[in-house]
1. Please go through the stretch 151-173 and give me each residue that is surrounded by fewer than 14 Cβ atoms within 10 Å (Cβ to Cβ) and either in contact with a strand residue (DSSP E or B) (Cβ under 8 Å, 6 or more places away or on another chain) or on the phi > 0 side of the Ramachandran plot (or both), ordered by number.
2. Condition (residue is touching a residue at least 40 places away in the same chain (Cβ under 8 Å), in a helix (DSSP H, G or I) and not charged (D, E, K, R)) applied to the stretch 186-195: is it met by at least one residue?
3. Please go through the stretch 96-150 and give me each residue that is in a helix (DSSP H, G or I), among the hydroxyl-bearing types (Ser, Thr, Tyr) and open to solvent by 20 Å² or more (accessible area, probe 1.4 Å), ordered by number.
4. Return the pairs, sorted by first residue and then second, in which the second residue is in a helix (DSSP H, G or I) and of a type in the set (S, T, N, Q), the first residue lies in the stretch 259-271 and is open to solvent by 20 Å² or more (accessible area, probe 1.4 Å), the beta carbons are less than 7 Å apart, and the residues are 6+ apart or on different chains.
5. Tell me the residue from Tyr150, Tyr145, Tyr241 that is without any contact (Cβ under 8 Å) to a residue 24 or more places away in the chain and of a type in the set (Phe, Trp, Tyr), please.
6. Return yes or no: is Ala216 closer than 25 Å to Asn230 by Cα and open to solvent by less than 70 Å² (accessible area, probe 1.4 Å)?
7. Pick out the one residue from Asp242, Asp231, Asp197 that is more than 30 Å from Val95 (Cβ to Cβ) and of a type in the set (D, E, K, R).
8. For Ser59, state whether it is more than 25 Å from Gly250 (Cβ to Cβ), open to solvent by less than 60 Å² (accessible area, probe 1.4 Å) and part of a loop (DSSP other than H, G, I, E, B).
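The values are calculated or read from the model by the stated rules, or taken from the named source; none is laboratory data. Model, not experiment: these values are computed from the prediction. When we count neighbours, we look across all protein chains shown, and the Cβ atoms used for this are built from the backbone with ideal geometry, even at glycine. Heads up: the accessible areas ignore ligands, DNA and RNA and are worked out on the full protein's heavy atoms, side chains in. Shrake-Rupley method; radii C 1.70, N 1.55, O 1.52, S 1.80 Å.
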Amino acid sequence: MSETPAPTTARTSARTTAPDRARSRPRARRPRWATHAVLLIGGILMVFPFLWQINMSLSTQAEVTSVPPSWLPATPQWKNYPAVFEQVPFLHQFVNTALVTIARVIGQLLLCTLAGYAFARMRFRGKNLVFALVLSILMVPYQIYLIPQYGVIQNLGLLNTIAGIAAPGVFSAFGTFLMRQHFLSMPASLEEAARLDGANPWQTFWRIMFPLSGPALSAVAILTALASWNDLMWPLVAATYDEKTTLAVGLTSLQGQFTTDYPVMMAASFMAMLPLMILFIVLQRRVVEGLAHSGMKG
């Protein structure tokens, strides 16, 4: 007698659960398809300018300026890429840009990491006030301190040099803020264990905290590299010779007063952005992890 309720319960549960599952499946799929559709449209909108840039770099001037526009070049104009080297000192400017970017990335990784660790983990008088002053830099427009900054670099004799172009970007308030948030998210037990083993504050930072900061360091590195590679204003002011300036300034020189060779300009732009694109693809996962871990805690 004890076995009879079991089939009844099973049939009842089967009757009640089967329609529910049938009704729940479409509901579960609809948001997923909608999400995919939105992401697909967003991806196409994001990729389209890049594809259009490549299309223009392989077209003729007549095809680029035609109305309506031609979607594909009749014959790919590969000669637009060698023409870049004839119009601007592309290799010199590429090397200058790479050196400035490397100097700024190394400087920010060292200075912002040290400052972020001090603001997050060390105790000293006026810490919050100093950190607020550092953050206030983010609220000041860059153009306000452009002239004083030029005066300092001029007095140091660093105009038209790599050091003069790189110097203002070796430290940033945003990098300090990012590293501070990262160190705040790390457990205090790591420092306590290091102190029990006899480590001083520098050894705790250098041997324990710094090696565990890979994602945040990657985020600071790629964001600094992006900002430095695309920086136009300061290199335009600090360097007056074509061989001493960076790629961003060199690309603007391709724009004429009355006419512009758009295919050559697009070819130069594509070659200028290619190294940074490869760097971002390589570090993409670590950058997202670093931003996620550093921005969760305020």
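1. Gly157
2. Taking every residue of the stretch 186-195 in turn, none turns out to be touching a residue at least 40 places away in the same chain (Cβ under 8 Å), in a helix (DSSP H, G or I) and not charged (D, E, K, R).
3. Hits for the stretch 96-150 are Ser136, Tyr150.
4. The qualifying pairs are Asp261/Gln61; Tyr262/Gln61; Met266/Gln53; Met266/Ser57; Ser269/Gln53; Phe270/Gln53; Phe270/Ser57.
5. None of the others qualify; the one that does is Tyr145.
6. Criteria met by Ala216.
7. Asp197
8. no
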